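Written below as structure tokens is the structure these notes are about.
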Amino acid sequence: MNVFPHDRLDTADLHIDAVYEGGRNGNAGDDPLPSLLGVSNQGGFRILGSRESPRLVVITTSMMDPEWPDNLDPETGVLTYYGDNKQPGRELHDTPRYGNLLLRNMFEALHTHQRSRVPPILIFASNGKYRDMTFKGLAVPGTISLTALEDLVAVWKISSGKRFQNYQAKLTVLDVAGLSRRWLSVLRANGDWRKDAPELWLEWVESGLYRPLKAARSLEIRNRREQMPDHESDTALLEILLGRFRESPHGFEACAANIVRLFLGDQVTSIDLTRPSRDGGRDALGKYMVGRGMSSVLVDFAMEAKCYDSSNSVGVKDISRLISRLRHRQFGILVTTSWVHSQAYKEIKEDGHPIIIISGGDIIRILKEKGINSRQNMLSWLISLQE
């Protein structure tokens, strides 16, 4: 991992996943981005130039906000990013740092085929150590597959009983491994932005062609820590859910079916619980639509739900039973409040069994993406399942 110390930032190039160290004085002046890029030291949106016509936009994120779960998918290169109207009391675009206004203007330029008006967008994530930042990539608004109605959406939230809107934006991180100090200096000096610019960024400006930075998945066997919530607040949410069904594990089956619907979306055309005494290792059977309309195909799947405490893992016996019940061209989904033991996980991956694992940590991430991110929201959602 590349690490650039604070005293070398003004000459440093940008490299994917490199760390740029801040100061160690314990104040806002520790932020590395002013020295690195010449932008301000605060806010999720930072610019060079005017907000009407910026020549560089820097977007920062902690990737840790449960209310606004920013996420960079390494397999697709798509960044989901939430705007800066995160509290009630303001109109969508009336924010102190004009972040939502910047998003609106950049996506408007994209949708009206004026991509030359879109400035370079640099993505940085805090890494939890002082004010150090990790460079995540050079991004452009939109994605390969989303339309103008889908890539920038105003979503409603409620806080303290008051409703308000914020943007959910989809951006693509381009397959650019690094940015030269020469180009960064040109941008800072308001020079010709085409000079020394990355070829893929110029290609997008000229043709609108997306070439995302994709990282192919390796044979991934997640350990216990990776399958369970990694924050106390998330663990507390999982405990609320688990407590609801600890005395009646069969009740978790309906909950798990709803989690599957939230995870797979509208492509789930049906999911029906089986009888507890006759389920044969399958707690629900469903159909998943691949394709659209008359050209679509329905694929059968079987779901099994395991309501376990975190001290009890899903083992080889549980997994083998689900595997043995899968018919030809059918896939399986395991939903558990716990985690899958490494031996069972290894069997699934190495033998190529078509099984989706939704562990305790996955459950909380899925629910948070749907706005179920507090004790009250969790309790309300659980009650709604009984209606």
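The values are calculated or read from the model by the stated rules, or taken from the named source; none is laboratory data. Every value quoted in this text rests on a predicted model; they were computed, and no experiment measured them. Don't worry about glycine lacking a Cβ; one is built from the backbone with ideal geometry, like all the others, and counts go over all protein chains shown.
Among the numbered conditions (1) free of Cβ contacts under 8 Å to residues at least 12 places away in the same chain; (2) more than 24 Å from the chain's Cα centre (by Cα), the only one that His93 does not meet is (2). Scan the range 219-231 for residues that are part of a loop (DSSP other than H, G, I, E, B) and within 19 Å of the chain's Cα centre (by Cα) and the total you get is 6.
Is it the case that some residue within the range 233-242 is under 23 Å from the mean Cα position of the chain (by Cα), surrounded by fewer than 13 Cβ atoms within 10 Å (Cβ to Cβ) and in contact (Cβ under 8 Å) with a residue 40 or more places away in the chain? Checked against the condition, which is being under 23 Å from the mean Cα position of the chain (by Cα), surrounded by fewer than 13 Cβ atoms within 10 Å (Cβ to Cβ) and in contact (Cβ under 8 Å) with a residue 40 or more places away in the chain, the range 233-242 yields no hits at all. Out of the residues in the range 337-358 that are touching a Ser or Thr at 6+ places or on another chain (Cβ under 6 Å) and buried (at least 21 other Cβ atoms within 10 Å of the Cβ), which is farthest from Ile319 (Cα to Cα)? Within the range 337-358, the match that is farthest from Ile319 (Cα to Cα) is Ser338.
When each of Arg325, Arg329 is tested for being in contact with a strand residue (DSSP E or B) (Cβ under 8 Å, 6 or more places away or on another chain) and on the phi > 0 side of the Ramachandran plot, the lone residue that passes is Arg329. Whenever a residue of the range 55-81 is within 28 Å of Ser159 (Cα to Cα), its partners that are modelled with pLDDT under 90 and of a type in the set (Asp, Glu), lying with C-beta atoms within less than 7 angstrom and at least six residues away or across chains, give the pairs Pro69/Glu369.
Take the range 2-44 and flag every residue that is without any contact (Cβ under 8 Å) to a residue 12 or more places away in the chain and surrounded by 15 or more Cβ atoms within 10 Å (Cβ to Cβ). Across the range 2-44, the qualifying residues are Pro34, Ser40.
Listed conditions (1) touching a residue at least 40 places away in the same chain (Cβ under 8 Å); (2) out of contact with any Asp or Glu (no Cβ under 9 Å at 6 or more places or on another chain); (3) among the aliphatic types (A, V, I, L, M) are all met by Ala125, apart from (2). Any residue in the range 350-368 that is free of Cβ contacts under 8 Å to residues at least 12 places away in the same chain and either within 20 Å of Gly251 (Cα to Cα) or of a type in the set (Lys, Arg) (or both)? Looking for residues that are free of Cβ contacts under 8 Å to residues at least 12 places away in the same chain and either within 20 Å of Gly251 (Cα to Cα) or of a type in the set (Lys, Arg) (or both), one finds none in the range 350-368, hence no.
Return a yes/no flag: does the range 84-94 have any residue that is polar (S, T, N, Q), out of contact with any Leu (no Cβ under 8 Å at 6 or more places or on another chain) and under 25 Å from Gly161 (Cα atoms). Within the range 84-94, one or more residues are polar (S, T, N, Q), out of contact with any Leu (no Cβ under 8 Å at 6 or more places or on another chain) and under 25 Å from Gly161 (Cα atoms).
Only one of the numbered conditions (1) crowded, with 21+ Cβ neighbours inside 10 Å; (2) over 21 Å from the mean Cα position of the chain (by Cα); (3) at pLDDT below 95 is not met by Gly99, and that is (2).
Output yes when any residue across the range 35-44 is touching a His at 6+ places or on another chain (Cβ under 8 Å) and of a type outside the set (A, V, I, L, M), and no when none is. Yes - at least one qualifying residue is present in the range 35-44.
Can you confirm whether the range 11-26 contains a residue that is within 26 Å of the chain's Cα centre (by Cα) and among the acidic types (Asp, Glu)? Looking through the range 11-26, at least one residue is within 26 Å of the chain's Cα centre (by Cα) and among the acidic types (Asp, Glu).
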